[in-house]
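What follows draws every value from the coordinates through simple rules; no lab data is involved. Worth saying up front: this structure is predicted, and the values here are computed from it rather than measured. Please note: Cβ atoms are built from the backbone with ideal geometry, for glycine as well, and neighbour counts cover all protein chains shown.
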Amino acid sequence: MLCIRRSALCTGKILSRPDYYRSLAFPLQGLAGQLCTVNNLTLQKVQRRAHGNCSEGIVLDPEEALRLAKRAFEISARIQESSLEVAYPPEALDWLVHWLLKVTKDFQNLPPEFGHNASVHFCDVGAGDGKLTRSFLPILQEAARKSDHCSNQFTVNAVAVEPVSAMRNKLKQSKIIQGNVSVLDGHALNLPLPDQSVHSVIAAQSFNWFANVPALFEITRVLRPKGFLGILFSCPDHTKADYISEIEHNLINPLWQKHKGCVVSETALNRKGRERWKEVFDTFLGSYFGPLHSHNSTHHQLASKAEILNMYRKHPAVAVLDEKEKNGVLTQIEDILLGINNSDWVDSGTFKVPFDTRAYWAMKLW
């Protein structure tokens with residue numbers, strides 16, 4: 001039968017990052033119109049030169065982004081009140097699982113039909129409280145059972161990497177996680193995994209926090225040749241409901257702008273109308289990763305006013321505010337919710353919240 005076992009990846013030797021980066025043979029293209037190799041450029045120089053090649057700049061300060069993320073999610077983890085939690089639609093997860101299994105089978109030199117001892121190692125980076133892993137594991141198990149390419153001894157080895165201890169504790173308490181997943185303290189700038197040790201890396205609601213060159217190099221390091229990188233975002237859809245547009249554009253986006261030197265929001269666009277977090281791929285496309293494939297889906301979730309307010313209370317851009325400013329933002333959000341008179345979006349105190357879910361994947365080229 002299909003077995004899911006606790007990964008032993010964390011016991012492997014982690015090779016020196018500089019040694020690994022010096023071993024990269026492929027040129028990094030598109031940096032100020034030149035070809036260069038990691039062999040003679042420090043990551044800091046690559047970061048600065050890549051920034052100069054982007055229309056509005058990729059994340060400028062990875063270490064500051066990490067500090068901000070830790071602070072925001074430590075505060076969010078302490079909020080106990082019920083809140084609207086983003087649910088990833090099965091359609092998006094099915095799409096990621098399909099391509100993960102296909103890429104793993106077709107390109108990563110696994111035996112035919114994923115022979116009896118075959119396994120797939122995946123890493124959830126910025127795992128938070130395990131929302132993605134809890135949703136993803138059952139779908140991956142079921143897809144593997146039904147697949148013509150997987151034997152009944154196919155194994156999934158999962159690692160969830162999260163820098164915030166309170167989030168890791170919540171993650172470990174999940175029944176699906178217990179005994180099935182290794183939960184490790186770490187972050188995208190320094191993944192606690194050996195070189196070329198995982199078939200896939202997946203980042204859900206987190207990639208915008210480490211959309212920078214050092215983190216993408218680190219992801220490249222731990223991925224096996226022809227490895228699979230999956231990215232998932234699910235955000236309130238401001239194009240579907242006026243009240244979401246008012247909250248996001250007038251209140252949340254200006255808060256993100258305070259941190260534009262280190263992080264961008266999931267939905268921030270550059271002058272060309274393209275998501276800004278994608279700009280880091282301009283540095284790697286064609287040299288390290290293939291094209292970024294995408295899949296969009298929409299869904300609605302029902303919530304009370306209090307649950308919506310607590311969702312925004314946990315929002316990282318709101319969580320880091322001082323209490324006075326935070327309460328001011330939440331009061332404005334409450335006023336917007338109370339002002340809704342469209343029965344399409346609120347009925348007897350229950351709000352209909354539209355979400356836009358965008359899934360992406362790219363394959364490491366070598």
- Query: If you place +1 on the Cβ of every Lys and Arg and -1 on the Cβ of every Asp and Glu, how big does the dipole about the Cα centre of the range 273-366 come out, in debye to the nearest 20?
  - Reply: 340
- Which of the lysines could be linked to residue 352 by a straight reach, that is with a Cα gap under 17 Å, when you skip same-chain ones fewer than 8 residues away? 240, 305
- Extension length gain for residue 82 and residue 70 (0.36 nm per residue less Cα distance), in nm, is 2.2 nm
- Query: For the range 285-309, list residues with backbone N below 17 Å from a point placed 7 Å from the Cα of residue 269 toward its Cβ?
  - Reply: 296-297
- Loop trypsin sites (Lys or Arg not before Pro), the range 261-366 (other Cβ atoms within 10 Å of the site Cβ: 11 or fewer; DSSP): 271, 272
- Query: What residues qualify as long-range amide H neighbours of residue 121, i.e. H under 5 Å apart, gap of 5 or more or another chain, H built at 1.01 Å from N?
  - Reply: 157, 199, 200
- When each of 272/364; 170/260; 70/170; 105/175 is checked by Cα-Cα distance, pairs over 24 Å: 272/364; 170/260; 105/175
- Message: Using a Cα-Cα cut-off of under 16 Å, which aspartates and glutamates could be cross-linked to residue 314, ignoring same-chain neighbours fewer than 8 residues away?
- Response: 74, 81, 85, 129, 248, 266, 322, 323, 325, 334
- Between residue 326 and residue 287, Cβ-based FRET efficiency (R0 51 Å, step 0.05) works out to 0.75
- Task: Can you spot the aspartates and glutamates whose alpha carbon is less than 12 Å from residue 226's alpha carbon? Ignore those fewer than 8 places along the same chain.
- Result: 106
